[in-house]
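These notes are about the structure you will find just below.
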Amino acid sequence: MKEKFKAFTEKHSQIWEFIKFVFTACSTTILYYIIFWVVDAILEKPLAGVAVHSSILHFLGIDSNLGLAIAYLSASFLSYVASYIMNRKVTFKSNSNIVLSTILFALMVVVTTAFTSWFGTFATEWATAKGGFWASGFMKSIVIPTVAMLIPFVWTFPFQKFVIYRNKKEPEAEAEAEAVEAAEAAESVEAAEVAEVEEAQAEAAEEAAEATSEE
């Protein structure tokens with residue numbers, strides 16, 4: 001069973017990689033929910049109605065509810081930190097430059113977190129204004145955070161796979177590849193030399209046969 005599973009993962013490495021990415025996303029989403037619920041529950045009453053005067057937060061649409069903004073920001077940030085570690089070590093098994101990959105990941109997190117925070121807060125305030133089922137705890141605590149987390153999934157997978165965790169060739173791998181190429185080249189030269197010798201022998205045998213027939 002173990003050998004079959006290994007054979008499957010090796011044969012369908014791209015599919016297996018995506019499965020691991022989805023598993024990581026699900027795991028960090030659970031972490032995201034836990035952090036969001038805890039922080040929101042702690043800050044909901046103390047910071048109810050507290051606004052923050054910031055041009056950046058105003059642009060993101062989260063300056064009207066500080067507690068909710070902190071809940072989204074902290075949940076997004078910490079879940080992405082866990083995602084970075086799991087995807088680097090488990091999903092893509094990357095050997096990319098850790099400094100560069102961390103910087104690129106941080107940039108992705110800033111953009112994605114900004115979108116998630118803006119969308120989550122905007123959707124929550126919109127749902128509250130609509131009232132009824134839209135303003136229910138189910139919508140605010142489950143549906144909206146889920147949608148806010150799933151939308152960035154569209155660009156985070158390809159960006160991480162092809163940019164952030166793109167593997168670099170290790171010296172050993174390069175040396176091995178060069179050795180293989182050298183061996184193949186040597187075999188080609190040897191095969192050409194053997195062919196020349198055989199051709200020369202064939203010509204000599206043919207000439208000897210012609211000489212014998214003339215006699």
Scoring only Lys, Arg, Asp and Glu (+1, +1, -1, -1) among other residues with Cβ under 12 Å from the Cβ of Thr91 yields +4
Rank these for me by crowding, Trp126, Trp134, going from fewest to most other beta carbons within 10 Å. Trp126, Trp134
Can you figure out the FRET efficiency of Leu107 with Ile30, using R₀ = 25 Å and their beta-carbon distance, to the nearest 0.05? 0.50
Can you give me the relative contact order of segment 2-168 as a percent, contacts being Cα pairs under 8 Å and 6 or more apart? 24 percent
In the neighbourhood of Thr28 defined by beta carbon distances under 14 Å, the net charge of the other residues (Lys, Arg +1; Asp, Glu -1) is +3
Over 29 Å (Cα to Cα) among Lys4/Lys161; Lys4/Lys89; Lys4/Lys93; Lys130/Lys161 -> Lys130/Lys161
Given the Cα-Cα distance of Phe8 and Asn167 and 0.36 nm per residue of separation, how much length would full extension add, in nm? 55.1 nm
So for each of 68-79, 109-120, 31-42 I average, over its residues, the number of other beta carbons within 10 Å; can you give me the resulting order with the highest mean first? 68-79, 109-120, 31-42
Projected area of segment 2-168, taken from the Cα convex hull and averaged over every viewing direction, in nm²? 11.5 nm²
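Laboratory data are not the source of any read-out in this text; all were calculated from the coordinates shown. The structure displayed is predicted, hence computed values, not measured ones. So basically every Cβ, Gly included, is an ideal-geometry build from the backbone, and we count neighbours across all protein chains shown.
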